[in-house]
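One structure is given below, encoded as structure tokens.
The values are calculated or read from the model by the stated rules, or taken from the named source; none is laboratory data. This structure is a prediction, so every number in the text was calculated from the model and none was measured. No Cβ is skipped: glycine too gets one built from the backbone with ideal geometry, and neighbour counts run over all protein chains shown. Side chains included, ligands, DNA and RNA excluded: accessible areas come from the protein's heavy atoms. Shrake-Rupley method; radii C 1.70, N 1.55, O 1.52, S 1.80 Å.
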Amino acid sequence: MPFAFNKCKTSDGVEFEGLYEIQPKVFGDSRGYFFEVYSEKDFFDAGLTMKFVQDNQSASGKGVLRGLHFQKQHPQGKLVRAVSGKVYDVAVDLRCGSKTFGKYFGVILDSEKQNQFYIPEGFAHGFYVLSDSAVFAYKCTDFYDPKGEGGIPWNDTAIGIDWKAVGGDIEPLLSDKDGKHPAFGMDKKYFDMNAKWIGD
């Protein structure tokens, strides 16, 4: 199989339902390399039966932090990767009733390794650029909905993402919008286990 599908777990071994780090098989020689980014057959065989409807790409400089983002009425599953450069990519489970609700998982996505990260609907997502620059691509299971945008702070103390573990003391470059997200709360409603919005 041209892909290895690795289920993501918390530090104490609890599995995030639907969250995967995916390693494609890369074929390389003196001319360069080739690999499959996505194969519906192989993903379906692994139980990942999502349908992608939109592809996005962004370019960012070192220290840029984008996130943490989600969509309320049209949540997006995302297959993400670094086309060039290296980023620390983070997903936060916002599904009420989940064993990992309010927990996060972080992975370094590296264009030299060509690893990918699948984040299902019902998660918040963000990334921090570790290299001098990075081109970031993601396939989405629903269309962008500006009316349903949501977010939580990158440094929310209730979640406690350890950005320093991969970037040292960081002073992230944020958009104005990403600096104003409301705080996460364990007592708030977000999504149900089917990623249906049940919040305010």
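For Cα pairs less than 8 Å apart in space and 6+ apart in sequence, what is the mean separation divided by the residue count of the chain, i.e. the relative contact order in percent? Walk me through the numbers before you get to the answer.
Numbers: 450 pairs, mean separation 52.5, N = 200.
Relative contact order of the chain: 26 percent.
Note on the chain: GNM, Cα springs under 10 Å; of D12, D145, D169, the largest mean-square fluctuation is that of D12. Here's how it looks for W154: its modeled amide H is under 5 Å from those of L68, which are all 5 or more places away or on a different chain.
The Cα trace of region 83-200 gives Rg and Dmax of 14.6, 42 Å, the first to one decimal, the second as a whole number. The candidates V14, V129, arranged from most to least accessible area with a 1.4 Å probe in the full protein assembly, appear as V14, V129. As a ratio to 2.2 N^0.38 Å, the alpha-carbon radius of gyration computed for region 1-122 takes the value 1.10.
Are any of the pairs K103/K177; K9/K86; K9/K41; K62/K147; K78/K188 more than 27 Å apart by Cα-Cα distance, and if so, which?
K62/K147
Counting protein heavy atoms only, the chain has 48 percent of its accessible area on carbon and sulfur, 1.4 angstrom probe. Computed per residue of the chain from DSSP H runs no shorter than four, each worth -39500 (n - 2.57), the mean residue ellipticity at 222 nm is -1000 deg cm²/dmol.
Across q = 0.22, 0.24, 0.31 Å⁻¹, region 140-188 modelled as identical point scatterers on its alpha-carbon atoms has Debye log10 I(q)/I(0) values of -0.98, -1.04, -1.17, in the order of the q list.
At most 12 other C-beta atoms within 10 Å and a DSSP loop state: those are the exposed GluC sites (Glu not before Pro) I care about. Give me the longest piece of the chain that has none. Excluding the exposed sites themselves, the longest stretch runs over 113-200.
What residue among F43, F117, F136 shows peak mean-square fluctuation when the chain is described by a Gaussian network model with Cα springs under 10 Å? Evaluated over the chain, the most mobile residue of the options is F43.
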